[in-house]
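Asker: This structure is in structure tokens; I'll ask about it shortly.
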Amino acid sequence: MQTRTQRLDEFISGLPRLSLPKALSVFGLSWGALMLYDIVLGSWERSAYDFDLLRMLIPLVGFAPMYVRMLRPDDIRDDGDAYETFVRMTTISLVLVVVSALMRVVPFSYTPLGIPESFWSFMVGRAISLLPLLMLPTIAELIVRLIRYRSRRSVPLLARLVTYGIGLLFVVAQLFPTDLRPVGDDPTPGIAIGSILGFLALILTARARWIVNLRRRQKWALLGLSFLGMMAAVYFAALDDTSEFVGAMAATFPALPAMASACGMLLINIQLALFVHAMIALPTANAMDRRSTEVTSLATFGKLLTRSFDITDLIETSIGVACDVTGSRAAWIELQRAGDAELLLGHSPRLTSMDAIRLMTSTVADGTTLAESVRAHRDVQVIDRAHPTVGANEADRTVQRRETAKEKAARVASAPNRTLDKSRSEQKELSTVAAAPLVVGDLMLGTLYVAKERAQEFDRDDLAILGTVADQIAMAMQHSELIHSSIASERIEQEMLIARDLQQRLLPRSMPVSKWYDLHAESEPAQLVGGDYYDIVSFSDGTLGVVIADVSGKGPSAALYMGMIKGVIQALAGSTATPRDLLAKINVALHGQIDPKWFATMTCAQILEERRILRVARAGHCPTLIIRNGVGEYRRSRGLGLAIARPLMFERNLELEELNFSADDYVVLLSDGIPEARSPEGEEFGYERLMAIATEASALNPSPVELRNTIFTELSAFTRGELPIDDSTIVLLRWKQCSDYETSS
Amino acid sequence: MNQFTATVRECKPAQVVDLNGYLDAHTAPELEQTFQKLLDDQRFKIIVNFRDLAYISSAGLGVFMAFIEDARNNNGDIKLVGMSPKVYNVFDLLGFPMLYEIFDDESEAVQKFIATTGE
């Protein structure tokens, strides 16, 4: 069951709504049609109040679109929009007043009854009244919009009444001009209705919540404009119905003067209400602005904190925000990093570094400098009248100013202006300074400073909010560093994982099987290092060899070099006869190819299985452990590391060793990760200990895997869980008994 | 984080770099900077004193290799003195004694410089 209002609303929303230009055009067209009608029918000489029905209806029809717009006005979006609407409304009314005042200059005359005294007057009169014709409904629409904005729920009814009232007035004034025309000093009906409407408008505008949230500038503008608006409104309301202007308007559309009066009355009330509101709002305007800026700044700042991890951006915004929220002219940050102090003035420094240092070294009540005081108390400190201390020069030295290229450019760019502003800057010297520590937990990252001119001061709110901003900055800086280091360490970890994976892929999938020996090899990369490598090669005569290598470098680069080495080894081995030749060729391939700091160590052992001989060449690698007849020793043939020396030098110093073995002898190739493994106390496992353990274990004739297990068990017991710092690689060979196939030759 | 310092002093005709602490991948750049500065200042006769060096890794060894060519190309050299047996072993494994002149005493290295340049 719909209420009457709802049905009315539905009806109204069903009405077609034209855009403002279109609606005004329709109204204007009706004006034009009327003029034509008058000229053609010659009725232009008749009185404004003597017309026929058709002539009265045409303007009503023309007015309809504008009226519909008033019934279904655009809703004002926000307070800023309300202010704009007000300005527009007032400006149009002022323009109308000015124009109509100017019109007095134009010579034309109408009799009091609205009869033009000449064709010329008729034309001029009609032309003149086009302006109020278009502007008054526009003003009316803006009025309706404004009084609807932010009003209480019950108020739409009042707004409706105002709108209907205006429409009603127009219709009545149009249809019954004679009954509504002014008689003597009696107030016109326009004024009467307008007063009622005006009173309603006053009630509606009484709230005007939107004024409070305007900027201070806007409040002042509103004060001035509403005053002028009131004057303009009075002019409308008090239109002298004996003037030519009114006569001309009436002659066009009899309802026009009535509408002008009504609008005038409405406007008087509205402008008065707004004027009073602006007056009330002005004293607190400053504070409101400050609060508004603070909130906006903090909100923007907060957003930036979550989005940007760039320290430079952060500093830049922090300085801006600090100035905004405390109403300071300049702000800067002093960062403390590992004993070094860095002064950050931002890209467009608002003060010179000399000034900053002067303020930072000014003394507080207990005789210490501001900077020291903040550091000591870990709290916001303020100086109302700063002056430099005696020891200012020393303080300068402790605070190093590191000027970035950008800052330098900014300084140079602003230098020409410096001389011009010098006298002014002396007057407006910064001497009120406050400082807040940038603290996260126990850690003090630095200090935030803000400075005002001599005449200004910091109130309690300023200092409170300075502290808040400083806390946020500190947190953001910490956050940024954490993010960066976590990104960095994550990247490193990723790279290490890739390197480890690559390294594993380079190792041989399986060990050769022989009746003469057993072979076992493994490599365990340490956490951060990926440089060890072992391989099985095939020499030109078909004999197999074992290669063990240690590549300098860490992570992906080491893995890369390993890959390169493996490629070189595998490519060259097949056309090489001995380990010495192979190492020489590898050195040729590597020397001078990578950076001068890089090198690798390698041992290559060729297995002449039937003769139980091992041919060994050692390029800088750690010595090979051999156990013959239960006696252990290290073999360390002469040889330089790979890629250290030029080929000639390398080969000249490379020895090829030939070692003879019997069954049950052992050969252990290793990388230095095992002997250099440390206990929690920092003691090294050592080559001697390794040899002792291996030699002792060999007595039981273990398989290579068993020997490996023994060694590693001892190693684990020694390191007691201490993480290895280097890769552990081991290749174990045991010469076997070969009873069935013992050669006879 | 291990400590490392490299301090330079004059001992005509050479510059002596005294090493102290742990020379590994983290601290190697410090030594690099020292060498670079010496070369930039046209000081090509360099003696490195290992007396107070506790430990050296392969990264540390690499530093010497990077600068030896430049020094020798300019009638200079990098001579190594005062190594502990442990540190010497690291160099010896790689065959450094065949490439570099290693002495027990600093004065020997100085003498060698004087002798070769006749200064």
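Asker: Counting only residues that are modelled with pLDDT under 85, closer than 17 Å to A:Ile139 by Cα and in a helix (DSSP H, G or I), how many does segment A:38-74 have?
Answerer: Within segment A:38-74, residues that are modelled with pLDDT under 85, closer than 17 Å to A:Ile139 by Cα and in a helix (DSSP H, G or I) number 2.
Asker: Further question on the same structure: So, in segment A:297-315, of the ones that are among the β-branched types (Val, Ile, Thr) and free of Cβ contacts under 8 Å to residues at least 12 places away in the same chain, which residue ends up farthest from A:His347 (Cα to Cα)? Walk me through it before giving the result.
Answerer: Within segment A:297-315, the subset among the β-branched types (Val, Ile, Thr) is A:300, A:306, A:311-312, A:315.
From what's left, free of Cβ contacts under 8 Å to residues at least 12 places away in the same chain: A:306, A:312.
Working: A:Thr306: 22, A:Thr312: 9 Å.
Ranking the qualifying residues of segment A:297-315, first place goes to A:Thr306.
Asker: Looking only at residues that are part of a loop (DSSP other than H, G, I, E, B) and within 14 Å of chain B (Cβ to nearest Cβ) in segment A:529-581, which one is nearest to B:Val90 (Cα to Cα)?
Answerer: So the first thing to find is which residues in segment A:529-581 are part of a loop (DSSP other than H, G, I, E, B), and the list is A:529-531, A:539-543, A:552-554, A:574-578.
Still in the list and also within 14 Å of chain B (Cβ to nearest Cβ): A:529-531, A:552-554.
On the way: A:Val529: 19, A:Gly530: 20, A:Gly531: 17, A:Ser552: 14, A:Gly553: 17, A:Lys554: 19 Å.
Among those that are part of a loop (DSSP other than H, G, I, E, B) and within 14 Å of chain B (Cβ to nearest Cβ), it is A:Ser552.
Asker: Still on this structure: Restricting to segment A:594-609, and then to whatever is touching a helix residue (DSSP H, G or I) at 6+ places or on another chain (Cβ under 9 Å) and away from chain B (no Cβ under 14 Å), can you tell me which residue is surrounded by the fewest Cβ atoms within 10 Å (Cβ to Cβ)?
Answerer: A:Ala605
Asker: To continue, here is another question. Check A:Ser318, A:Ser292 and return the single one that is of a type in the set (Ser, Thr, Tyr), in contact (Cβ under 8 Å) with a residue 12 or more places away in the chain, farther than 30 Å from A:Ser30 by Cβ and surrounded by fewer than 18 Cβ atoms within 10 Å (Cβ to Cβ).
Answerer: Going through A:Ser318, A:Ser292 in turn, the sole match is A:Ser292.
Asker: Which residues, taken from segment A:623-632, are within 14 Å of another protein chain (Cβ to nearest Cβ) and either hydroxyl-bearing (Ser, Thr, Tyr) or touching a Ser or Thr at 6+ places or on another chain (Cβ under 7 Å) (or both)?
Answerer: If the condition is that a residue be within 14 Å of another protein chain (Cβ to nearest Cβ) and either hydroxyl-bearing (Ser, Thr, Tyr) or touching a Ser or Thr at 6+ places or on another chain (Cβ under 7 Å) (or both), then A:Thr624 is the only one that fits.
Asker: Looking at (1) of a type outside the set (Ser, Thr, Tyr); (2) more than 14 Å from every other protein chain (Cβ to nearest Cβ); (3) closer than 22 Å to A:Asp550 by Cβ; (4) surrounded by fewer than 16 Cβ atoms within 10 Å (Cβ to Cβ), can you tell me which one B:Pro97 breaks?
Answerer: Failed condition: (2).
Asker: While we're here: Just give me the residues in segment A:633-647 being more than 8 Å from every other protein chain (Cβ to nearest Cβ) and of a type in the set (Gly, Ala, Ser), in sequence order.
Answerer: Across segment A:633-647, the qualifying residues are A:Ser637, A:Ala643.
Asker: Looking at (1) more than 22 Å from A:Arg646 (Cβ to Cβ); (2) at pLDDT below 90; (3) more than 10 Å from every other protein chain (Cβ to nearest Cβ), find the lone condition where B:Thr116 falls short.
Answerer: B:Thr116 satisfies all of (1) more than 22 Å from A:Arg646 (Cβ to Cβ); (2) at pLDDT below 90; (3) more than 10 Å from every other protein chain (Cβ to nearest Cβ) except (1).
Asker: Let me ask another. Looking only at segment A:611-622, filter to residues that are within 12 Å of another protein chain (Cβ to nearest Cβ) and among the hydrophobic types (A, V, I, L, M, F, W, C); which one of those is nearest to A:Ala600 (Cα to Cα)?
Answerer: Looking at residues that are within 12 Å of another protein chain (Cβ to nearest Cβ) and among the hydrophobic types (A, V, I, L, M, F, W, C), I get A:Ala619.
Asker: Going through segment B:16-72 one residue at a time, which ones are in a loop (DSSP other than H, G, I, E, B) and of a type outside the set (Ser, Thr, Tyr)?
Answerer: The answer is B:Asp24, B:Ala25, B:His26, B:Asp41, B:Gln42, B:Arg43, B:Phe44.
For (1) among the polar types (S, T, N, Q); (2) under 18 Å from A:His621 (Cβ atoms), each residue gets a yes or a no:
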{"position": "A:Tyr534", "(1), (2)": "no, yes"}
{"position": "A:Val537", "(1), (2)": "no, yes"}
{"position": "A:Ser540", "(1), (2)": "yes, no"}
{"position": "A:Thr543", "(1), (2)": "yes, no"}
{"position": "A:Val551", "(1), (2)": "no, yes"}
{"position": "A:Met562", "(1), (2)": "no, yes"}
{"position": "A:Gly567", "(1), (2)": "no, no"}
{"position": "A:Gln570", "(1), (2)": "yes, no"}
{"position": "A:Ala573", "(1), (2)": "no, yes"}
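Asker: Also: Taking segment B:64-76 on its own, how many of its residues are surrounded by fewer than 20 Cβ atoms within 10 Å (Cβ to Cβ) and more than 9 Å from chain A (Cβ to nearest Cβ)?
Answerer: 5
Asker: Would you call A:Gly545 within 43 Å of the chain's Cα centre (by Cα), closer than 18 Å to A:Cys604 by Cβ and in contact (Cβ under 8 Å) with a residue 24 or more places away in the chain?
Answerer: Answer is no for this residue.
Asker: Something else now. Take the residues in segment A:1-29 that are under 15 Å from A:Gly62 (Cα atoms) and exposed (fewer than 10 other Cβ atoms within 10 Å of the Cβ); name whichever of them is farthest from the chain's Cα centre (by Cα).
Answerer: Only one residue tops the list, namely A:Pro16.
Asker: While we're here: Going by the conditions given, is A:Glu658 more than 18 Å from B:Met98 (Cβ to Cβ) and more than 14 Å from chain B (Cβ to nearest Cβ)?
Answerer: yes
Asker: Conditions: (1) at pLDDT 95 or above; (2) assigned to a strand (DSSP E or B). A:Glu522 meets all but one. Number of the miss?
Answerer: Evaluating A:Glu522 over (1) at pLDDT 95 or above; (2) assigned to a strand (DSSP E or B) leaves (1) as the failure.
Asker: Being of a type in the set (Phe, Trp, Tyr), surrounded by 16 or more Cβ atoms within 10 Å (Cβ to Cβ) and modelled with pLDDT under 75 narrows it down to one of A:Tyr149, A:Tyr110, so name that one.
Answerer: Matching residue, one of A:Tyr149, A:Tyr110: A:Tyr110.
Asker: Any idea which residue in segment A:630-655 is nearest to A:Ala617 (Cα to Cα), counting only those that are surrounded by fewer than 19 Cβ atoms within 10 Å (Cβ to Cβ) and in contact (Cβ under 8 Å) with a residue 60 or more places away in the chain?
Answerer: Selected residue: A:Glu655.
Asker: Here's something else I'd like to know. Restrict the check to segment A:319-333 and report whether at least one residue is modelled with pLDDT under 80 and aromatic (Phe, Trp, Tyr).
Answerer: Looking for residues that are modelled with pLDDT under 80 and aromatic (Phe, Trp, Tyr), one finds none in segment A:319-333, hence no.
Asker: Moving on to the next point. Looking at B:Leu31, B:Leu61, can you tell me which residue is within 14 Å of chain A (Cβ to nearest Cβ) and either touching a Ser or Thr at 6+ places or on another chain (Cβ under 7 Å) or modelled with pLDDT under 90 (or both)?
Answerer: Of B:Leu31, B:Leu61, the one residue that is within 14 Å of chain A (Cβ to nearest Cβ) and either touching a Ser or Thr at 6+ places or on another chain (Cβ under 7 Å) or modelled with pLDDT under 90 (or both) is B:Leu61.
Asker: Out of the residues in segment A:203-212 that are farther than 14 Å from A:Gln271 by Cα and modelled with pLDDT of 80 or more, state the one that is surrounded by the fewest Cβ atoms within 10 Å (Cβ to Cβ).
Answerer: Going through the qualifying residues, I end up with A:Val212.
Asker: Tell me yes or no: at least one residue of segment B:36-44 is within 14 Å of another protein chain (Cβ to nearest Cβ), surrounded by 13 or more Cβ atoms within 10 Å (Cβ to Cβ) and closer than 23 Å to B:Leu99 by Cβ.
Answerer: Among the residues of segment B:36-44, at least one is within 14 Å of another protein chain (Cβ to nearest Cβ), surrounded by 13 or more Cβ atoms within 10 Å (Cβ to Cβ) and closer than 23 Å to B:Leu99 by Cβ, which makes the answer yes.
Asker: Can you pull out the residues in segment A:438-451 that are in a strand (DSSP E or B) and farther than 14 Å from A:Ser318 by Cβ?
Answerer: A:Val439, A:Val440, A:Leu443, A:Met444, A:Ala451
Asker: Taking the options A:Arg7, A:Arg17, name whichever one is in a loop (DSSP other than H, G, I, E, B) and not polar (S, T, N, Q).
Answerer: A:Arg17
The values are calculated or read from the model by the stated rules, or taken from the named source; none is laboratory data. What you are looking at is a predicted structure, and each value in this text was computed from that prediction instead of being measured. Neighbour counts are summed over all protein chains in view; Cβ atoms, including those assigned to glycine, are modelled from backbone coordinates with ideal geometry.
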